[in-house]
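Let me begin by presenting the structure, written as structure tokens, before commenting on it.
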Amino acid sequence: MLGNYRFALVDLETTGGQASQDHIMEVAVRVVGGEVDLEWESLIDPLCSVPSFIQSLTGISSSMLRGKPRFADVQELLWSYLDDAILVAHNARFDAGFLRANFARYGRDYQPRVLCTLKLARTLYPDWPKHGLEAICERIGFYSEVHHRAMADVDAMKAFLDYARADKGEAVFNFEVGLLLGMPVLPPSMSQADIDAIPCQAGIYRLLGEAGELLYLGTARSLQEQVLSHFENPTGDSKAAKLVRRVDSVQWQVLAGELSAGLHLSAALRHEKPLLQRRAKALGKACCVRFITDDRGELQLRLRSGLPANIASTGESVALFRERKHAKTRIRELAKEHQLCLRRLAVLVEGELCECGACILTAEKFGGSPLAPTAETAADFSAQVKVAFAGYLYAPWPFAEPVLVHEDNGAGRSEWHLVHDWRHFGSFRWDAERGQLFELSGEAKPLDLAAARRICDQTQEFRYEHYRLFRAFQHDLAWQPLSQFNVAISDDCVT
Ligand SMILES: [Zn+2]
């Protein structure tokens, strides 16, 4: 992967630490990658005197620099080395900052991809007590006569990169370098062939760690694409990078489609606990917002954890959210979008102020005492609230009876889901030989329509994630009420 790129190993000596006011007085570059391997160095006349502590650190004195090329003289040549190359430097922010500031004076916008060897050393060798260039050289047994001279430091960086590649192996080295560069990577234990083996079909997948521990459990429209997406842009020490660092293998299961995948996922998450998946923890913590009319006819919100047990039968309109925290955030966002008063909605917490137009105005005019709502504004307000929350309102079950939802991936996978009042009562497959539906797991009794009705008479928990799933596929799949159920099944969708 990295073989396709050019790397410019760069070290600068400067008159101080501030890119905006201090000057470059020595530059060394080594360009490697592909067929290229060249180096160039030059002292640079900074057109100012060298502070004495810099002089003692680097051994570069003002007199050594007099008459040397100025940055203006070398910037074009230097640009030809650095343009299109990945900048490699130790504590690269420093060098990148100086180069950016200096090139900018000549109208050049220097925004390279940057590989910091300090960060790389810290990542690959967290146990080493120090990661300065000198400490690294000592550690890897690379000795040089000079330090803090530009080419000496470039040589040291090169020695460290060669050492790390040999020591950690090509796969691990490329993986960590790729992560630091924010490039697509593959976990060191996986090859492109492993990725190619993952089908481009819907299903669920598990990312596993070295000891087989479950790190992540997900659904996909295309398993291959979705698994790859974890490895595409996991920069630095982000959560995505943390996950990718621990992935050792992938398991997957092709399913009839995205609805089936979602149902399998929510069933799996009931007893499997992925270690690095925050969203999974939110499952089963849904909450709802009820709309209460107070004695003045004003609509107010009541947030409650969990869902009403009789949600399907009450006919009361409630808004559903996946978790309490999300509901609180969304209520405030929707209020802002629709100019609704949080005080009137009765959702202000202690110390919180409403910033709706009316509240700001009354605070200015009357020092905060709010106006009592009139019957007319109350009706208006209630209507606006319903509009604002429309996307979250519970949608009543649109059938008079249970339904079988058919999903088929066109490649031999097919499932029927028995659904009533948005509750999931089981998934079935069609047995063509016997002409009957059977439960997916095990060889239980065949499902006839009377049995299906009996199953749906049992009590079953209303689960928010199932409701969202069924709503999402309400118009895309074939929904057959039991009384009209017939299996129009073609040869290619028989499992
Ligand atoms: Zn307000």
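When region 143-193 is limited to residues that are under 20 Å from ALA8 (Cα atoms) and aromatic (Phe, Trp, Tyr), the one that is surrounded by the fewest Cβ atoms within 10 Å (Cβ to Cβ) turns out to be TYR163.
Pairing residues of region 335-350 that are assigned by TED's automatic domain parsing to the domain that holds THR362 and crowded, with 21+ Cβ neighbours inside 10 Å with residues that are aliphatic (A, V, I, L, M) and in a loop (DSSP other than H, G, I, E, B), at Cβ distances under 9 Å and at least 6 apart in sequence or on separate chains, gives ALA335/LEU342; ALA335/LEU345; ALA335/VAL347. On inspection, ALA89 fails the criterion of being in contact with a Ser or Thr (Cβ under 8 Å, 6 or more places away or on another chain), surrounded by fewer than 19 Cβ atoms within 10 Å (Cβ to Cβ) and either at pLDDT 90 or above or under 18 Å from VAL154 (Cα atoms) (or both).
For region 244-259, which residues satisfy the criterion of being assigned to a helix (DSSP H, G or I) and over 17 Å from SER191 (Cα atoms)?
If the condition is that a residue be assigned to a helix (DSSP H, G or I) and over 17 Å from SER191 (Cα atoms), then GLU258, LEU259 are the ones that fit.
Among strands (runs of 3 or more DSSP E) entirely within region 260-356, having at least 1 residues that are aliphatic (A, V, I, L, M) and either within 16 Å of the ligand (Cβ to nearest atom) or closer than 30 Å to ALA202 by Cβ (or both) singles out 299-305, 318-321.
The condition (being over 30 Å from SER56 (Cβ atoms), in contact with a Cys (Cβ under 8 Å, 6 or more places away or on another chain) and hydrophobic (A, V, I, L, M, F, W, C)) is satisfied by just one residue among LEU180, LEU124, LEU115, LEU186: LEU180.
Any residue that is within 30 Å of PRO46 (Cα to Cα) and free of Cβ contacts under 8 Å to residues at least 12 places away in the same chain - is there at least one of those in region 188-202?
The answer is no; no qualifying residue exists.
Show me the helices (runs of 4 or more DSSP H) entirely contained within region 65-126 in which 3 or more residues are touching a strand residue (DSSP E or B) at 6+ places or on another chain (Cβ under 9 Å) and free of Cβ contacts under 8 Å to residues at least 40 places away in the same chain.
Of the helices (runs of 4 or more DSSP H) lying wholly inside region 65-126, those with at least 3 residues that are touching a strand residue (DSSP E or B) at 6+ places or on another chain (Cβ under 9 Å) and free of Cβ contacts under 8 Å to residues at least 40 places away in the same chain span 92-104.
Here's the yes/no breakdown for (1) of a type in the set (A, V, I, L, M, F, W, C); (2) touching a Leu at 6+ places or on another chain (Cβ under 9 Å); (3) in contact (Cβ under 8 Å) with a residue 24 or more places away in the chain:
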site: VAL385; (1), (2), (3): yes, yes, yes
site: ALA390; (1), (2), (3): yes, no, no
site: ARG413; (1), (2), (3): no, yes, yes
site: ARG423; (1), (2), (3): no, no, yes
site: ARG454; (1), (2), (3): no, no, no
site: ARG471; (1), (2), (3): no, no, yes
site: GLN480; (1), (2), (3): no, yes, yes
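Of the helices (runs of 4 or more DSSP H) lying entirely inside region 132-212, those carrying at least 2 residues that are at pLDDT below 90 are 170-181. Sub-9 Å Cβ pairs linking a first residue in region 165-184 that is within 21 Å of ARG93 (Cα to Cα) to a second residue that is among the polar types (S, T, N, Q) and assigned to a helix (DSSP H, G or I), at least 6 apart or interchain, are GLU176/THR123; LEU179/THR123; LEU180/THR123, ordered by first then second residue.
Residues that are assigned to a helix (DSSP H, G or I) and of a type in the set (S, T, N, Q) within region 50-64 comprise SER52, GLN55, SER56, THR58, SER62, SER63, listed in sequence order. Inclusion of ALA451 among residues that are out of contact with any helix residue (DSSP H, G or I) (no Cβ under 6 Å at 6 or more places or on another chain), within 30 Å of GLN339 (Cα to Cα), of a type in the set (Gly, Ala, Ser) and not in a loop (DSSP other than H, G, I, E, B) is not warranted.
The values are calculated or read from the model by the stated rules, or taken from the named source; none is laboratory data. Computed from a prediction, not measured in an experiment: that's the story for all the values here. Cβ atoms come from the backbone with ideal geometry, glycine included; neighbour counts cover every protein chain shown.
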